[in-house]
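S.K.: Got a structure here, written out as structure tokens. Questions coming.
FYI, it's all coordinate maths here, none of it is from the lab. These numbers were taken from a predicted model, which means no experiment stands behind them. Please note: Cβ atoms are built from the backbone with ideal geometry, for glycine as well, and neighbour counts cover all protein chains shown.
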Amino acid sequence: MPSKRILELNPKHPLIVKMAGRANVSGASDALKDVAWLLLDQARLIDGETLADPTAFGKRISSVLAALYEWLLLAWSIGSVGRLFSFNHRVIGS
């Protein structure tokens, strides 16, 4: 009989910390559920497994990307994207 699989999470990882902080926020449960499933599916893919429900995975990815896109549009509209992202534009080999 195969051993039981265990998904280990780093409780200090910034994403996990933010998810924990949103756990009791009204209306956040659907988004948290999607992100949690994405983390589990990501771990399965990295481990070489196939997903039991690739359609649900695709829908979750689309949902998260749509929310991210809306957030970026808001950030761009208030001119704060430059402060949100810090890029190093050094050319490799120069």
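S.K.: So, in nm, how far is label I61 from label A23 when the simple model puts each one 7 Å beyond its Cα toward the Cβ?
M.R.: Here the answer is 2.9 nm between the modelled labels.
S.K.: Percent of alpha carbon pairs in the range 14-84 separated by more than 15 Å?
M.R.: Working: 1592 of 2485 pairs.
The share of Cα pairs beyond 15 Å in the range 14-84 comes to 64 percent.
S.K.: Assuming R0 = 22 Å, can you tell me the calculated FRET efficiency for the pair E70 and A43, based on Cβ-Cβ distance, to the nearest 0.05? The partial results should precede the final answer.
M.R.: Working: r = 27 Å, r/R0 = 1.22.
Plugging the Cβ-Cβ distance into 1/(1 + (r/R0)^6) gives 0.25.
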